[in-house]
Amino acid sequence: MKVLVLGAGQLARMMALAGKPLNISVKAYDVGSLQVVDPLNTRVVYGDLSAGINDADVITAEFEHIDHQVLAQCEASGKLKPSSNAIKTGGDRRLEKQLLSNNNVANAKHAIVTCKQSFDKAMATLELPIIFKSALEGYDGKGQWRIKSADQVETIWQDIADFLKSANPEKPQAIIAEQMVPFDREVSMVGVRKADGSTLAYPLTENHHTNGVLSVSLALASNQTLQNQAAEIFDKVANGLNYVGVLAIEFFQVGEQLLVNEIAPRVHNSGHWTQQGADVCQFENHLRAVCDLPLGNTELIRPSAMVNVLGIDTLPDEILSIPSVSMHWYGKTQRAGRKMGHINVSGSNKEELFERLIALAKLLPSQDFPEVLSYVTAKA
């Protein structure tokens, strides 16, 4: 099988690596150069998008902010999985909220802001604190504003107004105003669905963010009630999109209820631990689903965690002396804040996992990994 991935970043790279043992050939469409490349060596070029589409058996995506003309061209081939509608929904918070509403999925109280009048209405309808998120192209804490007190209202509105004014007129922008949820923790579920409607889900994963960016994901034996609740929501969302492939859903846990924060129609950062903590990782299961192969086991085979590496391209060699630590570099040019790689850690039980996590955190430079040591120590 030949798979073309829209996007040539680390997720396409990891799909390519996962496809090798299955004899699945993966190429990637670089949205920057507009060329089809080898995701393991992007200097190797195969041609333009039309050539890539003709050569592929299946087309999929590693991110959701894809030019709609590109999606239309791929959809017209009949090879795109998931559909362009699913990819667009993950990239537009307006469509995402409508999907949740249509499928009776609980999420935060919200309103859509496009002008001063709708902004004032949102302020009157929602209670402080309120978070404002751009409908398009916001990620990793970008395109977001928070109003915690009344004296911030006019300043924040002016920032939002300038943002809306500067938007591309061909891509009408909006802001989703959400009442901030006093949640207990943030968790996510990565699941997979085939075209025949069958689904499997990985265990709920606890996520810790630093400055709006995921820093640690922790996969332990789940509360079965929460696991079942998340899996039911996953099925509602995936079926509502007639989805094919891996889909991630981020939740706020409030007591024993899960509220959907957002969805990601692709393999996901919080699922990287599956490379060492599950029989079949999320990258392989995505390929299995889009290529209509049997899905692989998603059960947790050992407690595992993932630590993101941001903005640096070297780490102490000593971390590799810790048992069950795996390093995954993405081969990127170093840039502040850029996702350069991740570290997976596993243990035969929870206690052993945290022992190894704490040993790892003590070796990581604290200025580059703020809060990691304090977070894992507090969870141990």
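Name the single residue, out of those in segment 178-199 being buried (at least 19 other Cβ atoms within 10 Å of the Cβ) and hydrophobic (A, V, I, L, M, F, W, C), that is farthest from R288 (Cα to Cα). It comes out as V187. Screening segment 55-93 for residues that are part of a helix (DSSP H, G or I) and of a type in the set (G, A, S) and picking the one that is farthest from the chain's Cα centre (by Cα) gives A76.
Please verify whether segment 231-253 includes one or more residues that are on the phi > 0 side of the Ramachandran plot, in contact (Cβ under 8 Å) with a residue 40 or more places away in the chain and crowded, with 16+ Cβ neighbours inside 10 Å.
Taking every residue of segment 231-253 in turn, at least one turns out to be on the phi > 0 side of the Ramachandran plot, in contact (Cβ under 8 Å) with a residue 40 or more places away in the chain and crowded, with 16+ Cβ neighbours inside 10 Å.
Scoring D151 on the criteria (1) farther than 23 Å from G255 by Cα; (2) charged (D, E, K, R); (3) not in a helix (DSSP H, G or I) leaves a single failure, condition (3).
Would you check which residues across segment 309-336 are touching a residue at least 60 places away in the same chain (Cβ under 8 Å) and either surrounded by fewer than 15 Cβ atoms within 10 Å (Cβ to Cβ) or more than 22 Å from T377 (Cα to Cα) (or both) and list them? Passing the criteria: H328, Y330, G331, K332. Scanning segment 287-331 for residues that are among the hydroxyl-bearing types (S, T, Y), more than 20 Å from T274 (Cβ to Cβ) and assigned to a strand (DSSP E or B) yields a total of 0.
Filter segment 178-213 down to residues that are without any contact (Cβ under 8 Å) to a residue 60 or more places away in the chain and over 20 Å from S304 (Cα atoms) and give me whichever is farthest from the chain's Cα centre (by Cα). For segment 178-213, the residue satisfying everything is D196. For P323, the criteria (1) on the phi < 0 side of the Ramachandran plot; (2) touching a strand residue (DSSP E or B) at 6+ places or on another chain (Cβ under 6 Å) hold in every case but one, which is (2). Quick check: is even one residue across segment 262-273 surrounded by fewer than 24 Cβ atoms within 10 Å (Cβ to Cβ), part of a strand (DSSP E or B) and either of a type outside the set (D, E) or in contact with a Ser or Thr (Cβ under 8 Å, 6 or more places away or on another chain) (or both)? Yes: segment 262-273 contains one or more residues that are surrounded by fewer than 24 Cβ atoms within 10 Å (Cβ to Cβ), part of a strand (DSSP E or B) and either of a type outside the set (D, E) or in contact with a Ser or Thr (Cβ under 8 Å, 6 or more places away or on another chain) (or both). Return the only residue of A167, A124 being out of contact with any Asp or Glu (no Cβ under 7 Å at 6 or more places or on another chain), modelled with pLDDT of 95 or more, among the hydrophobic types (A, V, I, L, M, F, W, C) and at negative phi. Exactly one of A167, A124 is out of contact with any Asp or Glu (no Cβ under 7 Å at 6 or more places or on another chain), modelled with pLDDT of 95 or more, among the hydrophobic types (A, V, I, L, M, F, W, C) and at negative phi, namely A124.
Any residue that is in the same structural domain as R266 (by TED's automatic domain parsing), among the aliphatic types (A, V, I, L, M), at pLDDT below 95 and not in a loop (DSSP other than H, G, I, E, B) - is there at least one of those in segment 216-234? Write out each step before concluding.
The initial filter retains those residues of segment 216-234 that are in the same structural domain as R266 (by TED's automatic domain parsing), namely 216-234.
Still in the running and among the aliphatic types (A, V, I, L, M): 216, 218-221, 226, 230-231, 233.
Imposing the further condition that a residue be at pLDDT below 95 reduces the set to 221.
With not in a loop (DSSP other than H, G, I, E, B) added as a condition, the list becomes none.
Among the residues of segment 216-234, not one is in the same structural domain as R266 (by TED's automatic domain parsing), among the aliphatic types (A, V, I, L, M), at pLDDT below 95 and not in a loop (DSSP other than H, G, I, E, B), which makes the answer no.
Filtering segment 175-215 to residues that are within 30 Å of L80 (Cβ to Cβ) and at pLDDT below 95 leaves only V213.
Taking I175 as meeting all but one of (1) among the aliphatic types (A, V, I, L, M); (2) free of Cβ contacts under 8 Å to residues at least 60 places away in the same chain; (3) closer than 30 Å to D120 by Cα; (4) surrounded by 24 or more Cβ atoms within 10 Å (Cβ to Cβ), write down the number of the exception. Going through (1) among the aliphatic types (A, V, I, L, M); (2) free of Cβ contacts under 8 Å to residues at least 60 places away in the same chain; (3) closer than 30 Å to D120 by Cα; (4) surrounded by 24 or more Cβ atoms within 10 Å (Cβ to Cβ) one by one, I175 breaks only (2). When segment 13-27 is filtered for residues that are surrounded by 18 or more Cβ atoms within 10 Å (Cβ to Cβ) and over 19 Å from H328 (Cα atoms), the ones remaining, listed by number, are I24, K27.
Based on this model, can you work out whether S304 counts as of a type in the set (G, A, S), under 24 Å from A221 (Cα atoms) and crowded, with 20+ Cβ neighbours inside 10 Å? Yes, satisfied. For I24, are the conditions met, namely being touching a residue at least 40 places away in the same chain (Cβ under 8 Å), touching a Cys at 6+ places or on another chain (Cβ under 6 Å) and within 18 Å of L287 (Cα to Cα)? No: the conditions fail for I24. When segment 337-380 is filtered for residues that are over 19 Å from R185 (Cα atoms), part of a loop (DSSP other than H, G, I, E, B) and in contact (Cβ under 8 Å) with a residue 60 or more places away in the chain, the ones remaining, listed by number, are G337, F369. Pairing residues of segment 152-163 that are within 11 Å of K116 (Cα to Cα) with residues that are basic (K, R) and assigned to a helix (DSSP H, G or I), at Cβ distances under 9 Å and at least 6 apart in sequence or on separate chains, gives W157/K116; A161/K116.
The values are calculated or read from the model by the stated rules, or taken from the named source; none is laboratory data. Computed from a predicted structure; not experimentally measured. For neighbour counting, all protein chains shown are included, and Cβ atoms are generated from backbone atoms with ideal geometry for every residue, glycine included.
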